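Asks: Let me begin by handing over the structure; questions about it come next.
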Amino acid sequence: MNEQPVIAVLVSGSGSNLQAIIDASERGEIPGRVGLVVSNKADAYGLVRARNHGIPTEVVDHKAFEGREAFDAKLVEVIRASGAVLVCLAGFMRVVTPVFLRAFPHRILNIHPALLPSFPGTHGPAQALRYGVRFSGCTVHFLDEGVDTGPIIVQAVVPVHEDDTEEALASRILKEEHRIYPMAIRLFLEGRLAVTGRKVSTKGVGKIPDFSRRNPDA
Ligand code: GRF
């Protein structure tokens, strides 16, 4: 029996962040295992990644429900059945309602491809390019009732080059996402995160080697 705490991961697409989380777990870098992957899209490649690692999957198609609350209630049901202590949104392209948020208070994380509070919503890398910022990056945060507004756990910075395309910037950011999402999960599962209002304090973070690692692309 594997007694590690269960993480549920929600995806809508490629699932490269899911893969980073699975890999970190299999390498023993986070004290938990992905015990369920849920997608609102039956053809999400993230589901294939999960199956490749023997991880149970569920498809909950939002189009089959009357409204957002009914869809969220079904998500809550399948996640609860998995026994998950942590829910990670990883490219999950649905806005969730309080039905979902209140079921897992302070236990839902999200990753966003921009340095919040700049460029929330969709197309973070494209927004950063259009605005002309010199640096962008990614953010792991607790989910709250707004769009990409919850308390920030970890961020990583990447440079924006003058000749960048959206794809080039997005892929530079994605590389950092794969590094910081497992890091945030590890902090959560180690019980090191305390939320006070907007602020997240990270007890003993100085002892985690990864935090002092320089961004190799910077
Ligand atoms: C990532 O850029 C993530 O920040 C955003 O959606 C993308 C998902 O990529 N929320 P993947 O499915 O993890 O490859």
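Asks: Please go through the range 57-129 and write out the GluC sites (Glu not before Pro) that DSSP classes as loop and that have at most 11 other C-beta atoms within 10 Å.
Replies: Numbers: sites: E58, E66, E69, E77; in loops: E66.
Loop-located and lightly packed - E66.
Asks: Just check the range 79-218 against the gyration tensor rule for me: Cα atoms, a ≥ b ≥ c as the square roots of the eigenvalues, rounded for a/c under 1.5, and otherwise prolate or oblate depending on whether a/b exceeds b/c. If you can, show how the numbers build up before the last one.
Replies: Values: a/c = 2.05, a/b = 1.37, b/c = 1.50.
Here the range 79-218 falls in the oblate category.
Asks: Taking amide H positions as placed in the peptide plane 1.01 Å from N, state which residues far from G13 in sequence (5 or more) or on other chains have amide H under 5 Å from it.
Replies: G46
Asks: Can you tell me the FRET efficiency between F135 and T202 if r is taken as the Cβ-Cβ distance and R0 is 30 Å, rounded to the nearest 0.05? The partial results should precede the final answer.
Replies: On the way: r = 22 Å, r/R0 = 0.73.
Using R0 = 30 Å, I get an efficiency of 0.85.
Asks: For the range 1-110, state which trypsin sites (Lys or Arg not before Pro) are in a DSSP loop and have at most 13 other beta carbons lying within 10 Å of their beta carbon.
Replies: Values: sites: R27, R33, K41, R49, R51, K63, R68, K74, R80, R94, R102, R107; in loops: R27, K41, R94, R107.
Passing sites in the range 1-110 are R27.
Asks: If you filter the range 36-90 for chymotrypsin sites (Phe, Trp or Tyr not before Pro), then keep DSSP loop positions with at most 11 other Cβ within 10 Å, what is left? Provide the component values of the computation, followed by the final result.
Replies: Details: sites: Y45, F65, F71; in loops: F65.
Nothing satisfies the criteria.
Asks: Evaluate the range 18-102: find the radius of gyration of its Cα atoms, find its Kirkwood radius, and give the ratio Rg to Rh.
Replies: Details: Rg = 13.0 Å, Rh = 13.5 Å.
Reported Rg/Rh (Cα atoms, Kirkwood Rh): 0.96.
Asks: Gain in length, V78 to H106, computed as 0.36 nm per residue apart minus the alpha-carbon separation, to one decimal in nm?
Replies: Numbers: separation 28, 0.36 × 28 = 10.08 nm, distance 1.84 nm.
Fully extending the segment from V78 to H106 adds 8.2 nm.
Asks: Something else about it: Starting from the amide H of V200, placed 1.01 Å from N in the peptide plane, find each other amide H under 5 Å away whose residue is 5 or more places distant or on another chain.
Replies: I152
Asks: Further, regarding this structure: I want to check the label-to-label distance for Y45 and E66. Put each point 7 Å from Cα in the C-beta direction and report it in nm to one decimal.
Replies: Taking the simple label geometry, Y45 and E66 are separated by 3.8 nm.
Asks: Do you know the Lys pair count in the chain for C-alpha distances under 25 Å, with sequence separation 8 or more or different chains?
Replies: Values: K41/K63; K41/K74; K41/K175; K63/K74; K175/K207; K199/K207.
Count of close lysine pairs: 6.
Asks: Can you list residues whose amide H is under 5 Å from L86's amide H, if they're 5+ apart or on another chain and H is modeled 1.01 Å from N?
Replies: A8
FYI, it's all coordinate maths here, none of it is from the lab. Keep in mind the model is a prediction, meaning the values are calculated, not measured. Neighbour counts are summed over all protein chains in view; Cβ atoms, including those assigned to glycine, are modelled from backbone coordinates with ideal geometry.
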